[in-house]
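Encoded as structure tokens, the structure appears first; notes follow it.
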Amino acid sequence: MVFRGLFMFFIAIGVQFGINITGTLAFVALAMGAVATSRLHLNAHTSKELIFGFFVGLIPQLLLINFWM
């Protein structure tokens with residue numbers, strides 16, 4: 001959930017200021033994948049819980065981006 005919010009924040013920063021932060025976005029995307037994979041491997045969460053957490057981190061950022069931009 002934290003990485004998804006950070007990912008959307010970096011996208012918004014890149015769009016707002018017109019800068020290319022592809023490397024940062026790639027790193028955060030890899031970190032999200034690594035965390036999700038480790039949680040599945042350790043049986044800490046199910047796939048449904050990870051997808052739900054993904055959207056829990058995404059939706060507030062999408063709602064706030066409308067007020068920011």
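The values are calculated or read from the model by the stated rules, or taken from the named source; none is laboratory data. It should be emphasised that the depicted structure is a prediction, and the values quoted were computed from it without experimental measurement. For neighbour counting, all protein chains shown are included, and Cβ atoms are generated from backbone atoms with ideal geometry for every residue, glycine included. Each accessible area value is taken on the protein alone, full model and side chains, heavy atoms only, with ligands, DNA and RNA left out. Shrake-Rupley method; radii C 1.70, N 1.55, O 1.52, S 1.80 Å.
Details
- Options Ala36, Ala12, Ala26; residue that is of a type in the set (Gly, Ala, Ser) and loosely packed, with under 12 Cβ neighbours inside 10 Å: Ala26
- Cβ-Cβ contacts under 9 Å between residues 6 or more apart (or on different chains), taken from a first residue in segment 57-69 that is without any contact (Cβ under 8 Å) to a residue 24 or more places away in the chain to a second residue that is part of a helix (DSSP H, G or I) and open to solvent by less than 80 Å² (accessible area, probe 1.4 Å), are listed as Leu64/Met8; Leu64/Ala12.
- Selection of first residues in segment 9-34 that are within 20 Å of Ile59 (Cβ to Cβ) and of second residues that are basic (Lys, Arg), restricted to Cβ pairs under 7 Å at least 6 apart or on distinct chains, gives the following pairs, ordered by first then second residue: Met32/Arg4.
- Hits in segment 10-34 (condition: in contact with a Leu (Cβ under 9 Å, 6 or more places away or on another chain) and either under 20 Å from Phe67 (Cβ atoms) or among the β-branched types (Val, Ile, Thr) (or both)): Phe10, Ile11, Ala12, Gly14, Val28
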